[in-house]
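The values are calculated or read from the model by the stated rules, or taken from the named source; none is laboratory data. Everything numeric here is computed off the predicted structure, so don't read it as measured data. Because the Cβ atoms are built from the backbone with ideal geometry, glycine has one as well, and the counts that use them run over all protein chains shown. Please note that ligands, DNA and RNA were not included when accessible areas were found on the heavy atoms of the full protein model with its side chains. Shrake-Rupley method; radii C 1.70, N 1.55, O 1.52, S 1.80 Å.
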Amino acid sequence: MLASLCCGLQQAVRKQNHKCTQTNIQDDVLQSEDGPLCAAEIGSELQKQFAILPGGRGMNGSPIVIFPEFPAFSELEDEEVQNVLRYLTSVPSVAASGVGFILVIDRRLDRWAAVRATLLRIAGSFPGNLHLVLVLRPTTLLQRTLSDFLFKYNKDEFKMKVVMLSSVTELHAYIDPGQLTTELGGTQEYCHDSWISHRTAIEAFALMVKTTAQTLQTFGTELAETELPNDAEATTNLLHTHTLKKDKMKEDLQVALSQGGRLLECINEPLQTDPEYNMTYDEQENLDTVQRLLGQLDETEAAFDDFWERHRTKLEQCLQLRHFEQHFREVRGQLDVTSERLSGFSEVSVSPAHAEHVLRELSGHEDRACDVLDCALSLASEGDRLIENSHYAEDSIRPKCSELREVCEEISSTLRSKKSLLLKAMELHHALEKASRWCEEGIFLLASQPVDRCQSQDGAEAALQELERYLDTAPLHTLIDHSAICCQYEAALTTQLRDQVESVFQKQSSVQEMFEKRRVSLKKLAAKQTRPVQPVAPRPEVKSPLSSPNQQRKERRYSADNAICKKVETPLQNGGTRHASLTEEEENLAVLRRHVMNELLETERAYVEELLCVLEGYAAEMDNPAMAHLIPSALLSKKDVLFGNMSEIYQFHKRTFLKELEAYTDCPELVGRCFLERMKDLQIYEAYCQNKPRSESLWRQCSDCAFFQECQKKLEHKLGLDSYLLKPVQRITKYQLLLKELLKYSKSCDGSDDLQDALSSILGILKAVNDSMHLIAITGYEGNLSELGRLLMQGSFSVWTEHKKGHAKVKDLARFKPMQRHLFLHEKALLFCKRREENGEGYEKAPSYSFKHSLSMSAVGITENAKGDNKKFEVWCNSRDEVFIVQAPTPEIKTLWVNEIRKVLTQQLKACRDAIQQKSSDTPSPTSNNSSISLSPFRSSGQKNQKKQEEKKGEQSPNSDVNSSSSPKHKEPAPHVTLSRVKWMSTSSLLQSKRQGWSKASLSVDASEENDGYSSGEDPMNSDPEDEVGKKLAPGKYTVVADCEKAGPQELSVKSGDMVQLIREGEEGQWFVKNLRSSKEGWVAAENLLSLISESKSSQSLSSSDGSVSGNLSTSSSCSETYTSFSDIKP
């Protein structure tokens, strides 16, 4: 056990020495040349056992050093002898060493020469104070005789007191046998190896104690010289580092204490085995030394713990100070922001609703400010606690606490002042509103009193009592003293509010004046004595020339009791009464207009505030680093997707639109001008609505995240963000409702036209927004939708398709089952898409549209009525090679679409006409400008003869100019025909038809060719379809230019290109017709014939060898018109 303890102590000492070397601590014990030796250093010399210190004492307390028999003593090195002797003399205490050492030299088996050499060597090298040298001389006769004889002569050489002893018995006379080892006849048990182990362990422990104390002292110096950091993080790191070092020091200290305890147990081990065991003086000194070292360790540990506690307290106070300073800066910044917001907060209000809104806004500011104030006051209290706990930075903390309390008091005072002013303003607003409502209700009362009933005495008295009762309520509702009001609410009176007070007092005065005038009139009527009514025979009423029929109707309406109590009045007096009533009606309408205008302004202000709340409470918080950890990854960098262009909408309404609307407060009927002037700016809602599906989808992904919940909690909103993101959509639709209300009450005002235009424009924006929402849902279209021009219309239809192959017309196999298609009409193309409903909620359930087909509007023709169904029309291209039969949900929708397509084709016609006119003006045409061709198969006999004559002239002179029936010389009114099936062709279709050539039997590929023709100078759009009703059919041969299916068993079906003969006219507008191609006969409705045939003998084919432009000349049923120079006309 002692050996292991010694080994452990040596390792601990080496470890401590290594630490001391790293920290540049000089070890006086190990590195000093003059210092005492250690057993570990001369272990090999001590192991030779040529000199020992068993621990015995002489009678005077002198330590005993024994030199046992060692034949090779003379062979020892001087250094070895000196080191051992120096070490042995350093072991006893200073007091014992001062008495002097007793040396016992055992040379009983040696020779005198060796004895003499030993004594001389000891005398020359012994470092301590010698009290007595006892020599056991050799025991052989010769050597003993020599020693006796020679010792007397060499006695002075030794320079020390030497006593020669012949036996151990003589030795016992000088030293007690209990102090001698058994080899010298004593009783002391001595083990040299154990002694070396004890000495090594004790010296290692002593060195460990010394090293540990020096390390602790160095660490304490380091702690004392450490500068305190200036930020909380560095202070935390320093405290952590020092704590780790302290813990390591404590571990080393505990190791030393543990080693000392074990060493103490080893020294006390003999006593534990034998309680009667008596320790030697050296063992007792060893015990005292270890106990003293352990005491030193305990004192060192206590001193270090005390110093560390003070150092830790200082570091913790430094950390508290840094946290306090950091929180102070944060709270001070929040207080500055709160103070700035409050200083910029305007408590001015213009209405009770606005005052309540401003008060709610101030309450929100107050709630947020209270949170900041609570934080500030809590921080100040924390500073007070630091001061109470004797913080070293009291001089720095106290001023900050005072500053926080002063700023909090200032903000609280500002809040109380603004709230007090707002409450006073709200109280005044309610009083003004109450007075204004009393005035308006009084005006309504005056307007609602029927004039005819007031003409009688009873009626006048009843109306007078009604006025009196209403006037009795005036003190409860009206404002009494103007000066008192101004004095009472002087602090809350702004310029605008003062004007409102003046306006209400003026309105009260005006209403009271109106009531007084009505009272005077009613009193006069009630005071008049009515004459007895004498029955007379009724006579016709003579109509006054000054009374119009409208006025008489009004008089009858306002005179229900005319037969009972009719008062005779002159027409002039009646006119005056009606004028007063009209004035009251206008006043009522003005009140209603003001109500609508107030609603518009109040909701506009609330809307602006809500947008600001969303932008500051949600959008701005997405850029707040303190909230970054709450934002999910799906929401990062998606602020523009979530909020769209809400910021742009807010800036427009805040800076521009709201201020301009407020300018029309006193003239609501003119507010339409404001909408018209800002209609282009209001189109920003289109971009917001287009982004709404993406915003809705993103919101659904992240609606449950902690970021939105925290923002909603801060704003104290009961509704989530999605409700506020819907506000712009709701606002743009709210405008048209308010404009409708204003228009209803402003029919006879100057601004009614502007209101109507503004309403139409707003509805146009809503339509554009709705259309664009559908347009962005188109998928699969490879081109650029923006290149198709403006979207004109969109809607869902049932569609059938027909395709012509060669001369036969082949319909789709699924002809009886229509395809459901969503059509998008652009300026340049018509798109066919398939509607697909999406799963989900909200905008995610919005349909998408898969692109299927498109038609270029430059190659499109239409047939306005198809298959006799008033909901169907045809869209076709390439000379009806591809026909789309479209069925609308209602006839009205079909009419809207046909009209819109007609407009597009008309615009194409106009563009083509302008281009041709430009070209003809640049290049003179060989054809006379006033020449034209009449192509109608329905003509008078004079026209037919004239046509025949012109055809003969054409045959005789093919190169001569062609004159039509519409020339100025022979011009007659052309009869008109009403057609049930009317086709419209695009200019490109007409040009394609011309390039392909027309059939000989038919002049036109369009049913509209059956109408009267126009010259190039005429406008085909000027004809009126209503003038064509009276046109009659005549028997003859005609060419069919459109298909017609039979509707009954006796009716005849014909195809485009067939030659038919009209035989006779039957009943109910039916004609008996024979198909000359199929030889079949049957009945065909006359109204269908008008759109199906052209006269065979007047039909012609047109050709152009020089490639000149040709086309179709039509009536108002066609949107195409051709300008050409015909090189040849053949019959």
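Summary table
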quantity	calculated
Debye, to nearest 20: dipole size of segment 244-311, +1 on Lys, Arg Cβ, -1 on Asp, Glu Cβ	480
Order of exposure, largest accessible area first, which applies to Asp666, Asp681 with probe 1.4 Å	Asp666, Asp681
Which of Tyr781, Tyr281, Tyr174 is most accessible, then next, and so on - probe 1.4 Å	Tyr281, Tyr174, Tyr781
Positive-pole candidate from Cys877, Ile862, Pro889, dipole of segment 858-900, charges at beta carbon	Pro889
For segment 48-193, size of Cβ-based charge dipole, Lys and Arg +1, Asp and Glu -1, in debye	500
Given Lys852/Lys1055; Lys210/Lys248; Lys639/Lys692; Lys654/Lys680, the pairs whose alpha carbons are separated by over 19 Å	Lys852/Lys1055
Cβ-based charge dipole, segment 112-266, positive-most Cα from Tyr190, Thr140, Val209	Thr140
Rounded accessible area of Lys419 (nearest 10 Å², 1.4 Å probe)	70
Subset of Lys910/Lys1037; Lys767/Lys910; Lys817/Lys1046; Lys418/Lys718 violating a 30 Å alpha-carbon distance limit	Lys910/Lys1037
Karplus (6.51, -1.76, 1.60) ³J(HN,Hα), θ = phi - 60°, over segment 687-694, in Hz, Gly and Pro reported as x	5, 5, 5, 5, 7, 4, x, 5
Rounded accessible area of Lys1074 (nearest 10 Å², 1.4 Å probe)	60
Heavy-atom accessible area order for His477, His595, largest first, 1.4 Å probe	His595, His477
Surface accessible to a 1.4 Å probe, Leu493 within the full protein complex, Å²	20
Interchain or long-range residues, amide H under 5 Å from Val1054's placed H	Cys1044
Only Lys, Arg (+1) and Asp, Glu (-1) charged, at Cβ; segment 432-533 dipole about Cα centre in debye	500
Burial ranking of peptide ranges 431-443, 759-771 (average Cβ count within 10 Å, highest at the top)	431-443, 759-771
